[in-house]
Structure formats: structure tokens, C-alpha cells
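Heads up: the structure comes next, in C-alpha cells.
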Amino acid sequence: MPRTRRVRLAVAVTATLLIVGPFAWLWQDSRLPRQYSIMSMGYADHGGGAPGHHDGHDGHGGRDITTLVTDRDRPADVAVTLTARQERFRLASGRTVDGYTLNGASPGPTITARAGQLVEVRLVNDNVRAGITLHWHGVDVPNAEDGVAGVTQDAVRPGAEHVYRFVAPAPGTFWYHSHQVSHEQVARGLFGALVVLPPDPPAVDVVALTHVYDGVRTINGDSRDLRVAAGPGTVVRVRLINSDNGPTSAWVAGAPYRVVAVDGTEVHGPTPVADTSLLVTAGGRADLEITMPDRGSPVRVQVGGGLSVVLGSGEPPRVAQPAKVLDLLGYGTPAALGFDPGAADRTFRYEIGRRPGFVAGRPGMFWTINGHLYPDVPMYTVAEGDVVRMTVVNTSGEVHPMHLHGHHAVVLSRDGVTATGSPWWFDSLNVGDGERYEIAFVADNPGVWADHCHNLKHAADGLVAHLMYAGYTTPFLLGAATGNSPE
């Protein structure tokens, strides 16, 4: 081979290696072990506080979270068995769906309890091949009952079962869903409503759980309007639950309404609103209270535009979505928080972005947290009793419904505007592109908790971090060899 050809070949090979080499290194570096602990991933962020004794971020030392359970000797007040199946099933409207059921239907049964009752749920996996768990969305359960595969338990394999026990919190609207391959299993049917009733419930109490199956929008699994009898002067509570990956809007025609609860927490001093829509984020809930008109005319609660909850007899008109949107930042009247956010022990930043890269060996555009790709993301570390402040910033180009397990947080401000209404407590927060929220909470529920986007496809693409309490550790593992895949 002539010398000039050898030189050209060497230059071409060198140039190829210079181009391909970094990509090969990034690919190799992003691959996940076949099994690994959530305790060893990413990097610990202490938020300016002390690391604490037996931090546990390396997966060693600390109290085992499996000890964080409800009283084992206390008898259950509410006992439910849920059997999960992977099958083709029929919605209430007649349409068939290839997905998953609980007790032969989707949504699964509504679980109802009263505050302070002990709820026991026996989950049986009949034939869901990937395994299953149940997460109690919005219920601040003990950590061992949180139902996150590879973090708080192993996925329940076909033919096996698992028992969850927790005390029902203050009255409110919650829901439950699988947290194993959740982006698929929730979308295809593994979820249901959970309602904690007040001592004196309203005369008419309506659950309206919205979900889209294969492009078909439903309320409680039915693609037709939900019709509810309600006489003149009757007070009706409509519990809206958004089980989808994106936000939905609701508005009322025929009567004013009040937003009396958000994410299972009562609003302080709610006032009547009219000609105003309400945004309910993915995973979020909102309870509307409506007093039926004395003249006996019906009322329509439109959910997402296409479907409605129709209260009373007759056919109320459909109206266009109002231009005005209720801003929870100033709705209701102020009340004491019970702690001082200005005296925070830990201060964190959770900045959501997006850039090209490799995650788990896959190239693409992925979500980042503080500039890092999964699994090299911050693990927010706190100690019991800490007052925690967090700035959530979204510069990613899309909306993200952020969900912190095991805790409710309060909104302090949005884009620099201070909250002036009722304390806006939430477990699911709609963070639009370009928005910045200041939030706060008390670290009063020890364990290892997921803190992720509830657009579950986004979580599967790496938009997930964890809140970790110093002195606690989990024995459960993630990775292909374990069968645990929470997102």
C-alpha cells in the first residue's frame, strides 16, 4: 500500500475514533448494573445541612425501612382483596381494552374508609407477567407501605400476594395505582379511587375518576356522561381525580362552585366562583362543592371538555371552557402552617431541563435534574424533623406534574409572587415550562421516598429523584436481574 494511502487511512481511522469514541464511552458509562440499590445512585445533596449519622447513601448502615409499618397487632377496620389480571376487558360503555384489571374491572374498586380506620389491602397477582405493586397516591403512609418496586418492596410476581396496612388520614380524596412499570400499567388499567369520608358526609358524594384508555376519555371507566340524582338545594361534593399523564380542566355550568379540597387537604375559607375553570394536574385531585339550584334545574360539571358529571334531572347545556382559570395561589383565606418555612434546616433546588445524552444505554433526548441525567441525579438528604424548602424550576420546554411521595408540601410562591390565599397543600404540582415554585414541608415521615414527574412516561425517561432520610436504608434492589422497575 502506498505511503499516501496509509496516511489517509490512518487519518480516517483516527477521525472516526475521535467521533465515535466519546459516544461509545457515554453509552458504556450510562449503562445500569443488572442490580443496584437506589441508595448508591447519584449523589447526596444535603441542602446545606449536616449529613447526619449513618447517612446510608452508600447503602450501608441505618435502620431498615421494612420496619416502618403500621401496628402489626391492630385489627383492620376496612379489609379489601384486589386481584390483578392481565387481560382484555370491557369498559362500562362496551369498548374493549387490552390491559389490566383489579377484581375484573378497571378502574378497580373504590376503597372507602373513615379517618383513623386501619385499612388492610391484600393484593393478589393472578397473571401480571411483569409483577405489580400498589402505591397509595397522596396518602402519607409508613414508608414500607408505599408500594414502589425496588425501593420499598419487591414487585409481586404472578401467583404471589402482598398485604398493605395503613391508617386512613384526615378526610380527603386519594387514589391508588401500580408502581411497577407504572408508565404502562397505570395507562392500561391498574388503578382505582380511595376516599376517606368525613364524620358527616354530604348528601350526595360523587367520585369522578378520569382516565383515557386507547384514546377514549372516560369517567369511572365509562365514556358516557356520569349522571347523578340531586334534588333542589342539595349540597353535592364532586371528587375529581386525574389519573392521566397530563393536566385536565374542569368547569361548572348552572351553579357556582367552591373548591373545598386539593390533593386530600381541605381549603381554608373557600369562596364561590363562577365562569371560571380549574386545572387538575396529572395525579392531582380537587373536590368541588355545589349547591343545587332551588328552582330544580340541573348542573353540568364538565371535565376535560368531552365528558361531564350531570347533577339533577334534565339536560343542562354544554358551555365553552371559561377564559378565566382559578389561581390557587390566592384562593381562600390564610391560615397557620404549623411550622416556619423561614427557618429551614435544608434548602434544595430541583431544576428540570432536557438535553441529548444516554440513559441506561439508550441515546436520545432526556430529562435532567440540576443538569444531570439519570442515574447521576441528586438524592435529597434530610433528617427527621427538618424544615425543608425547595425551589422547583422548569426550563425543559414541557409541563411536569411533580409528585413527592410520603409528604404534603405547601406552595410559598410562584415566579416570585407570594401565596396569599389558603395554604395550598399538595402532593402533585403542575409546573409549567418557565415556571418557578418555592415550596416547603416538614420531614416528618422517615424512609426513602420517590420524588418524580407524574407524567409517568417522563419518569420512565429519568425524571425521578429521591428524598432520603439520614439513618435509614432499604434492602430492595433495582435492575434487570431483580424484576423491579418502578417507572
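The values are calculated or read from the model by the stated rules, or taken from the named source; none is laboratory data. The model shown is predicted, which means the values in this text are computed figures rather than measured ones. Every residue, glycine as well, gets a Cβ built from its backbone with ideal geometry; the counts of neighbours run over all protein chains shown. SASA here: full protein model, heavy atoms, side chains in, ligands and nucleic acids out. Shrake-Rupley method; radii C 1.70, N 1.55, O 1.52, S 1.80 Å.
Of the residues Leu478, Thr420, Gly264, the one whose Cα sits farthest towards the positive end of the charge dipole of the chain is Leu478 (charges of +1 on Lys and Arg Cβ, -1 on Asp and Glu Cβ, taken about the Cα centre). A full extension of the chain between Asn127 and Ala274 corresponds to an added length of 48.1 nm, given 0.36 nm per residue minus the alpha carbon distance. Computed over region 116-155, relative contact order equals 29 percent, with contacts defined as Cα pairs under 8 Å that lie 6+ residues apart. Label-to-label distance for Thr395 and Asp98 is 4.3 nm, based on points extended 7 Å past Cα in the beta-carbon direction. Per-peptide packing, taken as the mean over residues of other Cβ atoms within 10 Å, places 357-365, 260-268 in the sequence 260-268, 357-365 from highest down. Taking every alpha-carbon pair in region 133-256 and binning the separations at 10 Å intervals from zero gives 11, 36, 33, 16, 4, 0 percent. Of the beta bridges in region 170-278, as assigned by DSSP with both residues counted there, near 70 percent are antiparallel.
For the pair Asp340 and Arg88, a Förster radius of 51 Å applied to the C-beta separation gives a FRET efficiency near 0.40, rounded to the nearest 0.05. Compute the separation of the alpha-carbon centres of region 165-191 and region 242-300 and state it in Å as a whole number. After rounding, the separation between the Cα centres reads 22 Å.
For Ser485, the amide hydrogen comes within under 5 Å of the amide hydrogens of Val181, counting only partners 5 or more places away or on other chains and with H modelled in the peptide plane.
The dipole here belongs to the chain: it is taken about the Cα centre, uses +1 on the Cβ of Lys and Arg and -1 on the Cβ of Asp and Glu, and is about 1920 debye.
Working ranking of peptides 374-380, 418-424 by packing, defined as the average number of other Cβ atoms within 10 Å per residue, highest first, is 374-380, 418-424.
Over the chain, with the other protein chains present, what is the accessible area per residue in square angstrom, probe 1.4 angstrom? Display every interim value, and only then the final one.
Numbers: 19360 Å² over 487 residues.
Using a 1.4 Å probe on heavy atoms only, each residue of the chain averages 40 Å².
Length available on full extension from Ala160 to Thr66: 0.36 nm per residue minus the Cα-Cα distance, which gives 32.0 nm.
Using a ≥ b ≥ c from the Cα gyration tensor of region 198-296 (square roots of the eigenvalues), is it rounded, prolate or oblate, where a/c under 1.5 gives rounded and otherwise the larger of a/b and b/c decides, a/b for prolate?
On the way: a/c = 1.70, a/b = 1.37, b/c = 1.24.
Prolate is the answer for region 198-296, as a/c is 1.5 or above and a/b outweighs b/c.
The gain in end-to-end length when the Ala229 to Asp327 segment is fully stretched comes to 32.3 nm, 0.36 nm per residue minus the alpha carbon separation.
The modelled label-to-label distance between Glu384 and Ala480, using points 7 Å beyond Cα along the C-beta direction, is 4.0 nm.
Using packing as a proxy for protection, rank 237-245, 75-83, 478-486 so that the peptide with the highest average count of other Cβ atoms within 10 Å comes first. Present the calculation step by step, with values, prior to reporting the outcome.
Values: 237-245: 24.1, 75-83: 15.1, 478-486: 18.3.
Result, highest mean first: 237-245, 478-486, 75-83.
Kirkwood Rh and Cα-based Rg: tell me the resulting Rg over Rh for the chain, rounded to two decimals. Don't jump to the answer; show the numbers that get you there.
Working: Rg = 24.0 Å, Rh = 23.7 Å.
Computed over Cα atoms, the ratio is 1.01.
Leaving out ligands, DNA and RNA, what percent of the accessible area of the chain is carbon and sulfur, probe 1.4 Å?
Numbers: 10350 of 19360 Å².
Carbon-and-sulfur percentage of accessible area, whole number: 53.
Can you tell me how region 278-428 classifies by the Cα gyration tensor, rounded, prolate or oblate, using a/c under 1.5 as the rounded cut? Note, shape of region 278-428 comes out oblate.
In terms of its C-alpha gyration tensor, region 361-473 has an oblate overall shape, because the principal axis ratio a/c (a ≥ b ≥ c, square roots of the eigenvalues) is not below 1.5 and a/b does not outweigh b/c. Site pair Val319 and Ala79 shows an inter-label distance of 4.9 nm when each label is modelled 7 Å from Cα along Cα→Cβ. Mean separation of Cα pairs under 8 Å and 6 or more residues apart, divided by the residue count, gives the chain a relative contact order of 19 percent.
Once the Cα atoms are used to define both axes, helix 3-30 deviates from the longest principal axis of the chain by about 40 degrees.
Tell me, what is the percent relative contact order of region 376-487, built from C-alpha pairs under 8 Å that lie six or more residues apart?
Numbers: 220 pairs, mean separation 37.9, N = 112.
With pairs under 8 Å counted, the relative contact order is 34 percent.
Of the trypsin sites (Lys or Arg not before Pro) found in region 52-148, the ones in coil according to DSSP and having at most 14 other Cβ atoms within 10 Å of their Cβ are Arg72, Arg129. Relative to the Cα centre, the charge distribution of region 65-183, modelled as +1 at Lys and Arg Cβ and -1 at Asp and Glu Cβ, gives a dipole magnitude of about 400 debye. Ordering Met365, Pro232, Ser297 by the projection of their Cα atoms onto the charge dipole of the chain, which places +1 on the Cβ of Lys and Arg and -1 on the Cβ of Asp and Glu, puts Met365 at the extreme positive end.
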